Every structure is written in C-alpha cells, then in structure tokens.
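The values are calculated or read from the model by the stated rules, or taken from the named source; none is laboratory data. Everything numeric here is computed off the predicted structure, so don't read it as measured data. Every residue, glycine as well, gets a Cβ built from its backbone with ideal geometry; the counts of neighbours run over all protein chains shown. Keep in mind that these areas ignore ligands, DNA and RNA; they rest on the heavy atoms of the full protein, side chains included. Shrake-Rupley method; radii C 1.70, N 1.55, O 1.52, S 1.80 Å.
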Amino acid sequence: MKQFITIIGIAVIVTLISLTLLSEQSRNSRADELDKAVSGAVKQTVKASHADGQTDITSNKEMVAHFINTICTNIKSDGKISVKVMGVNYKDGLLDVKVSQTFKYLNGKEKTITVRKCAIYE
C-alpha cells in the first residue's frame, strides 16, 4: 500500500512538471513565431512601398492594410492578434508597429506577447 501511494505521488509530480514545461515551450514558440512574422511583414511592406512600378501602396492606410494582410497570412497559431501603428509614412518608407498576441494556456490562463518592430526603407 505504501508503494502504491508513493507511485501515485511520483506520477502526479511528473505530470505537473510536464505540464509546466509544455506551457513554457508553448509560450516560447508563440513568441518566436510572432517575432519572425512581424519582422518579415514589416520588411516586406516597407520594401513593397518602394518597389519600382508598384501601385498597391499609395497612402498610409494602404501601407497599414498591406502590413496587416501580410501578418495575418504569416501567423499560423491560434490567438487574438492586435496591431497598434506607432508611425507610418509610405513616401519615406517608414513603418513602426506594435503587435500583441493573446492566447490561452492549457490551464485556461491568458497570456499576452508583444513585439514592436520598426523599419525604414534605405
């Protein structure tokens, strides 16, 4: 009987440690995905705003719309995405954004990851 209780206790501890590690790994992978997606979308949008013969981006609003479209196609994980534009100028090729992603852990707690990126066309 004593061995049975010891085995159950060890199983519970191993399960809790596994869930903790899984949650931390989930946060890290989402943070990496968000960082890469925002970086790529900012660079692609700024580059597209100064491409030869481009007619897609003719205003600041169109530049922001292009960025949002690009970021939405690059993020595959499930979560609520919010974009705050800190600065934009399509003529000079400037885009500064803050992107936040809110997601839930396995235990139901919500977490928000925020990334801010800025790019200027050279």
- [ ] On a 0 to 90° scale, report how tilted helix 2-49 is relative to the longest principal axis of the chain, with both axes built from alpha carbons and the result rounded to the nearest 10.
- [x] 0 degrees
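Just by accessible area at a 1.4 angstrom probe, what is the order of Glu122, Glu24, Glu110 from largest to smallest? Please list the in-between numbers first.
Working: Glu122 195, Glu24 85, Glu110 130 Å².
Correct descending sequence by accessible area is Glu122, Glu110, Glu24.
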Task: Distance cut-off 22 Å, percentage of C-alpha pairs in the chain lying past it - done: 48 percent
Task: Approximate shape of region 1-71 as ellipsoid semi-axes (Cα gyration tensor, √5λ), whole Å, largest first - done: 53, 9, 6
Task: Tilt relative to the chain, helix 60-74 - C-alpha long axis, 0 to 90 degrees, to 10 - done: 30 degrees
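Order the following by accessible area, largest value first: Tyr121, Tyr105. Probe radius 1.4 Å; ligands, DNA and RNA are ignored. Walk me through the numbers before you get to the answer.
Working: Tyr121 95, Tyr105 50 Å².
Correct descending sequence by accessible area is Tyr121, Tyr105.
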Task: Nitroxide proxy distance, nm - points 7 Å out along Cα→Cβ at Leu19 and Gln3 - done: 2.8 nm
